[in-house]
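Quick notes on the structure that follows.
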Amino acid sequence: MNEKPVVLLTRRWPEKVESQMAELFELRVNASDLPMSDAQLAQALLEVDIVCPTVTDKIDGQMLSAANIRTRLLANFGVGFNHIDIAAASRLGIRVTNTPGVLTDATAEIAMTLLLTSARRTGEGERLVRSGGWDGWRPTHMLSTQVTGKTLGIIGMGRIGTALARQAHHGFGMPILYTSRNARPQSEEIELGAWRCDIDELLQRSDFVSINCPATPETQNLIDSDKLNLMQPHAHLINTARGDIVNEADLVAALGNGVIAGAGLDVFVDEPNVSQALMDLQQVVLLPHMGSGTLETREAMGMCALANIRAFLSEQPLPNLV
Ligand code: DGY
């Protein structure tokens with residue numbers, strides 16, 4: 001390409017990254033920062049060389065079946081890429097990259113935050129103080145569950161799961177159970193007090209369960225009523241991965257019927273819509289998909305996407321090819 005490549009950011013990115021990209025490319029930015037419609041995305045694929053989507057942009061097989069698609073690279077801003085039909089992209093020779101690694105600690109922090117908030121009822125406590133309804137200290141007020149020393153089950157011991165295990169084990173003395181396709185190295189299992197088991201055993205034995213696996217056809221509805229029924233009545237479920245790994249209706253029922261004690265959710269089936277049934281439950285902590293949302297991390301994600309684009313344009317191996 002002799003002229004500057006045309007690159008589209010479907011949402012606003014941190015200023016530091018946008019300004020670097022504007023120097024390098026003919027940069028188009030969705031200045032409204034609202035989700036682009038399917039029609040706008042489909043049109044963009046015809047007009048720009050590189051699209052940089054996010055989790056809010058569904059790029060499916062139908063969109064990728066159009067004639068005369070110009071886009072050659074989808075440089076995703078995020079590690080999860082379940083919103084992109086990878087098989088359809090690859091049939092067209094469109095490369096797809098993501099931004100792993102740089103958001104590991106930030107996302108693990110939010111998982112730990114949800115775990116602590118759910119166990120210690122700090123969301124409820126904050127709401128009580130702000131409502132003016134706090135009537136003072138007493139020995140039986142707002143009793144909650146201690147975290148230190150309790151067992152944490154981690155479903156999916158990749159980068160984020162492992163970082164969470166490290167925070168939980170070293171910070172709170174939590175023994176770890178985990179599921180993973182492959183066992184972690186023995187030295188790491190010893191360091192993290194971690195024991196690999198199957199999902200049913202993990203659910204039965206854990207005081208807290210955190211979902212950290214990718215969203216795939218195999219993990220859709222992985223946590224349904226059958227799995228929730230295996231958990232202990234005092235247990236809490238934490239999800240910072242993707243909403244559709246949990247069957248939300250089954251979760252609402254399990255919480256309502258006391259099958260489990262609480263949940264902390266950063267992701268939902270139909271974001272940004274959160275069901276009223278979930279909203280009505282005090283024992284659920286609800287966050288707006290903010291796992292990677294520190295300034296440092298979002299800048300690093302942008303820089304990672306930029307590195308993928310530069311490698312693509314200079315015909316180098318792509319650092320984070322999906
Ligand atoms: C990620 O990186 O996958 C975050 O969930 C945002 O997409």
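Consider the range 76-93 and keep the residues that are surrounded by 21 or more Cβ atoms within 10 Å (Cβ to Cβ) and of a type in the set (A, V, I, L, M, F, W, C). The one that is nearest to the ligand (Cβ to nearest atom) is Val79. Filtering the range 227-248 to residues that are away from the ligand (no atom under 16 Å from the Cβ) and within 16 Å of Ala261 (Cα to Cα) leaves Lys227, Leu228, Asn229, Leu230, Met231, Gln232, Pro233, His234, Ala235, His236, Leu237, Glu248. Among the residues of the range 12-22, just one is exposed (fewer than 12 other Cβ atoms within 10 Å of the Cβ) and charged (D, E, K, R), namely Glu15. Select from the range 265-298 the residues that are within 14 Å of the ligand (Cβ to nearest atom) and among the acidic types (Asp, Glu) and write down the one among them that is farthest from Pro233 (Cα to Cα). Here the residue is Glu271.
Might you check whether a residue that is aliphatic (A, V, I, L, M), surrounded by 15 or more Cβ atoms within 10 Å (Cβ to Cβ) and more than 30 Å from Met279 (Cβ to Cβ) occurs anywhere in the range 117-133? No. The residue that is nearest to the ligand (Cβ to nearest atom), counting only those in the range 195-226 that are outside any loop (DSSP other than H, G, I, E, B) and closer than 23 Å to Thr113 by Cβ, is Ile211. Could you please give the count of residues in the range 23-71 that are buried (at least 20 other Cβ atoms within 10 Å of the Cβ) and in contact with a Phe, Trp or Tyr (Cβ under 8 Å, 6 or more places away or on another chain)? Total satisfying the criteria: 3. For beta carbons closer than 7 Å, sequence separation of 6+ or different chains, a first residue in the range 282-308 that is farther than 30 Å from Gly262 by Cα and a second that is assigned to a helix (DSSP H, G or I) and of a type in the set (A, V, I, L, M), the qualifying pairs are Glu299/Val17; Gly302/Val17; Met303/Val17; Leu306/Val17; Leu306/Met21. In the set Leu306, Leu318, Leu251, Leu255, only one residue is more than 16 Å from the ligand (Cβ to nearest atom) and not assigned by TED's automatic domain parsing to the domain that holds Leu230; that residue is Leu318. Looking across the range 114-161, the residues that are under 19 Å from Met290 (Cα atoms) and in contact with a strand residue (DSSP E or B) (Cβ under 8 Å, 6 or more places away or on another chain) come down to Leu114, Leu115, Thr117, Ser118, Gly123, Gly161.
The values are calculated or read from the model by the stated rules, or taken from the named source; none is laboratory data. These figures come from a predicted structure and were not determined experimentally. All Cβ positions, glycine included, derive from the backbone under ideal geometry; neighbour counts span all protein chains shown.
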